[in-house]
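Heads up: the structure comes next, in structure tokens.
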Amino acid sequence: MDIKLTQGDGVPIYQQIINQIKYLIAAGRLSPDDELPPVRVLAQRLLINPNTVVRAYRELETQGLIYKRRGAGTFVAKAVSPLARREQKRILRERADALLVEARHLKFTLDDVLDVVRERDQVLREERGEIGNDG
């Protein structure tokens, strides 16, 4: 599990951990029943106080995204909650916002952006063998 912390951006460390674990779950990089690193291991890896990891894990557990099994560890919850879907949409909206801002800086219209997105979708689907050239 790859978590990167940034200092000085105003987001508390525990919240950065929460956000990144939510992203990993929403993106499918963490699957149901995957084990999360033990609190001390993650704290050592991130060079932070273990209480910070405990706080993040507690919040994620409250939200139903992870669960603890006494003596066995902390795991990704099985049920995909509406929160996970909302998190996926939040991530998609952030990326769409970034794309639109960049397009505006480059003087592209919304139609230009949509054309590029459709083109890229077609290419990616063809590369995966999902469709033929139905253009």
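Structural remarks
- Entry remark, region 3-39: residues being surrounded by fewer than 16 Cβ atoms within 10 Å (Cβ to Cβ) and over 20 Å from residue 91 (Cα atoms) number 6 in total.
- Looking only at region 6-47, and only at residues there that are farther than 23 Å from residue 72 by Cα and β-branched (Val, Ile, Thr), the one that is modelled with the highest pLDDT: 13
- Tabulated pairs, region 50-68, first within 19 Å of residue 85 (Cβ to Cβ), second open to solvent by 30 Å² or more (accessible area, probe 1.4 Å) and among the acidic types (Asp, Glu), C-beta under 8 angstrom, 6+ apart or interchain: 67/61
- Residue list for region 4-34, filter: without any contact (Cβ under 8 Å) to a residue 12 or more places away in the chain and hydroxyl-bearing (Ser, Thr, Tyr): 6
- Condition met for residue 61 (acidic (Asp, Glu), modelled with pLDDT of 95 or more and either touching a helix residue (DSSP H, G or I) at 6+ places or on another chain (Cβ under 7 Å) or surrounded by fewer than 17 Cβ atoms within 10 Å (Cβ to Cβ) (or both)): no
The values are calculated or read from the model by the stated rules, or taken from the named source; none is laboratory data. These figures come from a predicted structure and were not determined experimentally. Glycine gets a Cβ as well: all are built from the backbone with ideal geometry, and neighbour counts include every protein chain shown. Only protein heavy atoms, including side chains, enter the accessible area calculation; ligands, DNA and RNA are left aside. Shrake-Rupley method; radii C 1.70, N 1.55, O 1.52, S 1.80 Å.
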